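Remarks on the structure that follows.
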Amino acid sequence: MKRALVLSGGGSKGAFEVGAIEYLVKRERLNFHVFTGTSVGALNAAFLGQARNRRELGELVEELKALWLGVRGNRSIYRSGFIRSFFRLLFGDSLYNPAGLRSLLAAKLDLERIFHPATVVKVTAVALENGELFCADSRRRELGEDFRRYVLASASMPLFFPAVRIDGQHWYDGGLRDLTPLTAAMEEDPDEIIVVTTFPLGPNLQAIIPPVKAGGALKAILRTIEIILSEIAVNDLQIAQKINQTRWRFPKKKPVPIRIIAPQTQLFGDTLSFNPRWIRENIRAGYEAAQQTRLLAVKKLSDPLSVEQ
């Protein structure tokens, strides 16, 4: 069976994806042939997409979990600090320097393994200059080192992280346009798609926005981003549902079963809060949520959208 894994954005909440994947690979013993991701989902997808067989996938899942559990705080991912951030924003293009993340990608992404034909890895990024949504595909070996740069760009949230310069353009977080890259997975004509999203979903694919206490300006910005991203994620799922429904019109095109793993409630921490305790809790939440997978109902266009338990 050709199975695709789709991983959404969500910053530090990408730990939830790790717990869900651990359950799917270790308990259900699933294998994946297509990996698509945006933002933190691109990081997780690219890492797992190095697997050339099911045994390697199991090993990479364990290593990915260990990497997340090895995060000791924000500094493991990016450099901050009031004075440094002020001058970076004043004279540069971002608040933070993702030095830790850049080092992790250089050390942990083997491009030869990513370009191996056993799997397909697709990550999205958006160009600042013209808003282009680009999907970096591991079958394009000519991308070379740029593939790693696109992975970094996919996780580069505007204002907080600098754009990644590739071929004269400045690339940012793919979540600006495609937070849950389901379309990229459906293009591969898989037999099944499993989606892991970091945002809670209602029974009819509506976004659930849990209340939070008001805070300072930075917290307000992060909260605004989370609200916008949750709506983008829902729109992506609804678009995929529509695409699936149109397949009823073509005898040789069957709808693709889509399983959704989403948190029951809001995950711990803000998008950029890499607190070790919250990471552990979110991994555990992902593992538990994977045991309660939802099936995106495959109905005809006249039927309402819904998510079946």
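Brief remarks on what is shown
- Some residue of the stretch 92-99 being under 20 Å from the mean Cα position of the chain (by Cα), under 23 Å from residue 178 (Cβ atoms) and in contact (Cβ under 8 Å) with a residue 24 or more places away in the chain: yes
- Helices (runs of 4 or more DSSP H) fully within the stretch 15-81 counting 1 or more residues that are over 17 Å from the mean Cα position of the chain (by Cα): 54-69
- Once the stretch 100-158 is narrowed to residues that are polar (S, T, N, Q) and in a helix (DSSP H, G or I), the residue that is farthest from residue 39 (Cα to Cα) is 103.
Okay, residues lined up against (1) among the polar types (S, T, N, Q); (2) at pLDDT 95 or above; (3) crowded, with 19+ Cβ neighbours inside 10 Å:
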position: 9; (1), (2), (3): no, no, yes
position: 17; (1), (2), (3): no, yes, yes
position: 33; (1), (2), (3): no, yes, no
position: 37; (1), (2), (3): no, yes, yes
position: 59; (1), (2), (3): no, yes, no
position: 62; (1), (2), (3): no, yes, no
position: 82; (1), (2), (3): no, no, no
position: 103; (1), (2), (3): yes, yes, no
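- Of all residues in the stretch 1-14, those being within 12 Å of residue 64 (Cβ to Cβ) and not in a strand (DSSP E or B) number 1.
The values are calculated or read from the model by the stated rules, or taken from the named source; none is laboratory data. Since we're looking at a predicted model, the values are computed, not measured. Cβ coordinates were reconstructed from backbone atoms using ideal geometry, including for glycine residues, and neighbour counts include every protein chain displayed.
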